[in-house]
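The values are calculated or read from the model by the stated rules, or taken from the named source; none is laboratory data. Keep in mind that this is a model prediction, so the values were computed, not measured. Note: ideal-geometry Cβ built from the backbone for every residue, glycine included; neighbour counts use all protein chains shown. The protein model used for the area step is the full one, side chains on, heavy atoms only, and it has no ligands, DNA or RNA in it. Shrake-Rupley method; radii C 1.70, N 1.55, O 1.52, S 1.80 Å.
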Amino acid sequence: MTANYYPGASRAYDYSNKYNGSLIKPNCGVLHTTEGTSLPSYGNGAEAPNITAKPNFAKKQLDFYQHYPFNRSARALVNLAGGVETNTLNTVQIELVGTCDPEHKKTWNGAKAGEDYIYWPDAPDWALDGLAAFMAWQYKNNGIQLSGPKTWLAYPSSYGATKARMSPSAWNNFNGWCGHSHVPENQHGDPGDIDFAKLISLAKEKAKVPGDSSGGSGGGTSKPKPMPPFPGASYFGPGKNNAHITLLGKQLVKQGFGQHYTSGPGPRWSDADRESVADFQRSRKELRGDPDGIPGRLTWKLLFS
């Protein structure tokens with residue numbers, strides 16, 4: 001059963017009596033930035049997320065305002081007719097009051113970053129800690145996995161059709177946390193290059209994820225799944241059709257490199273498989289010298305580790 005309300009969150013701006021939304025069972029979350037310094041009106045709820053986190057600089061904490069329960073779809077994403085579902089695809093949406101625009105990295109209309117507003121790519125530790133606590137709570141109560149894409153582009157390079165934007169298929173298969181900048185049918189680039197790796201590490205520590213090296217105290221009893229054996233490069237490439245290709249494609253999607261898939265992944269080798277493998281190879285310094293799109297033993301090891 002979904003835990004619908006975040007403990008301590010204000011419901012002064014609860015819009016659920018105006019827009020009921022679709023029933024969802026959360027399995028992913030989307031991070032937004034408001035690109036402002038105060039709590040937005042969201043068109044009186046017409047464009048609201050599930051919840052907003054507003055910095056409280058006096059107390060060095062995030063104050064939360066909930067707009068919709070977590071078992072109901074929010075309204076902060078573009079959802080084009082005839083395409084994939086966005087708002088209603090089991091996603092919890094959180095807006096972070098502040099900006100990801102480097103034009104406001106230090107100052108903004110006389111206000112100072114870190115004192116009057118947050119530039120989220122350089123967010124103070126207390127703000128990241130508050131957001132990580134929310135993500136850990138979602139993991140423990142609603143099962144949203146503490147993982148997500150590896151690529152978080154800086155704004156404005158994150159805007160539009162970028163390499164980080166998921167394909168419809170990748171979005172349909174996605175579980176975990178991503179940014180507005182990753183969601184298909186959307187052009188927005190927020191939250192920019194927020195320190196996602198640090199957020200996930202903090203959230204895992206708070207959630208005491210079993211068997212995870214970044215979290216917990218005393219060590220969990222769960223062990224990570226064993227790496228599937230590398231079948232050999234001969235199983236991949238043009239004309240190949242086998243279960244190893246499906247396994248490869250699903251792992252690429254899981255690791256945030258599935259944006260080239262418009263359907264699948266499936267057992268028949270495609271250009272989407274090759275391009276996704278090449279993107280992964282370019283992302284790892286050990287593999288950048290040979291991003292040929294065909295998984296070798298080292299590519300396989302790094303992808304599944």
So for R0 = 25 Å, FRET eff. of ALA197-THR88 from the Cβ-Cβ r, to 0.05, ends up at 0.30
Of the accessible area of the chain, with the probe set at 1.4 angstrom, what percent is carbon plus sulfur?
48 percent
Computed for the stretch 1-126: size of charge dipole around the Cα centre, +1 on C-beta of each Lys and Arg, -1 on C-beta of each Asp and Glu, debye to nearest 20, value 340 debye
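How long are the three semi-axes of the equivalent ellipsoid of the stretch 1-155, in whole Å, if each is the root of 5 times an eigenvalue of the C-alpha gyration tensor, listed from largest down?
Whole-Å semi-axes of the equivalent ellipsoid: 25, 17, 16.
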Take the chain, drop everything but the C-alpha atoms, weight them equally and run the Debye formula without solvent; then report log10 I(q)/I(0) at 0.10, 0.12, 0.13, 0.15 Å⁻¹ to two decimals.
-0.58, -0.82, -0.96, -1.23
Compute for the stretch 239-284: radius of gyration divided by Kirkwood radius, i.e. Rg/Rh, restricted to C-alpha atoms, rounded to two decimals.
0.93
Stick to the Cα atoms of the stretch 95-185, pair each with every other, and give me the Kirkwood hydrodynamic radius in Å at one decimal.
14.8 Å
Return the long-range amide H neighbours of ARG72 (sequence gap of 5 or more, or a different chain), with a cut-off of under 5 Å between placed amide H atoms.
ILE24
Sorted largest first, the C-alpha extents of the stretch 162-210 along its principal axes in whole angstrom are 35, 23, 13
I'd like the Karplus ³J(HN,Hα) series for the stretch 179-188: coefficients 6.51, -1.76, 1.60, θ = phi - 60°, whole numbers in Hz, and an x wherever there's a Gly or Pro.
x, 3, 5, 9, 7, x, 6, 10, 10, 4
For the chain, calculated [θ]222 nm from helices alone, where every DSSP H run of n ≥ 4 adds -39500 (n - 2.57):
-7000 deg cm²/dmol
Using Cα-Cα distances under 8 Å and only pairs 6 or more residues apart, what relative contact order does the stretch 9-96 have, in percent?
43 percent
Rounded to one decimal in nm, the spacing of the 7 Å Cα→Cβ label points at SER283 and SER10 is 3.8 nm
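If you take the C-alpha gyration tensor of the stretch 56-107, multiply each eigenvalue by 5 and take the square root, what semi-axes do you get, largest first, in whole Å?
28, 18, 6
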Report the gain in length on full extension from THR107 to ASN20: 0.36 nm times residue separation, minus Cα-Cα distance, nm rounded to one decimal.
27.5 nm
In terms of modelled amide H atoms, which long-range or inter-chain residues lie less than 5 Å from the amide H of SER10?
PHE64, TYR65, GLN66
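Below 8 Å between Cα atoms, with a sequence gap of 6+, how large is the relative contact order for the stretch 94-144 in percent?
Working: 29 pairs, mean separation 14.1, N = 51.
Here the relative contact order equals 28 percent.
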At a Cα cut-off below 19 Å, give the lysines reachable from LYS163, other chains included and same-chain residues fewer than 8 away excluded.
LYS150, LYS250, LYS254, LYS285
Rounded to whole Å², per residue accessible area for the chain with a 1.4 Å probe reads 47 Å²
List the residues, sorted by chain then number, that are 5 or more residues from ILE118 or on another chain and whose placed amide H is less than 5 Å from its amide H.
THR99
Where Rh denotes the Kirkwood radius from the mean inverse Cα pair distance, what is Rg over Rh for the stretch 254-305?
0.94
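So between TYR159 and ALA3, what do we pick up on full extension, going 0.36 nm a residue minus the alpha carbon distance?
52.9 nm
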TRP126/LYS250 FRET efficiency (R0 25 Å; Cβ-Cβ; nearest 0.05)
0.10
With the crude spin-label approximation of a point 7 Å out along Cα→Cβ, what separation in nm comes out for LEU39 versus ASN241?
5.8 nm
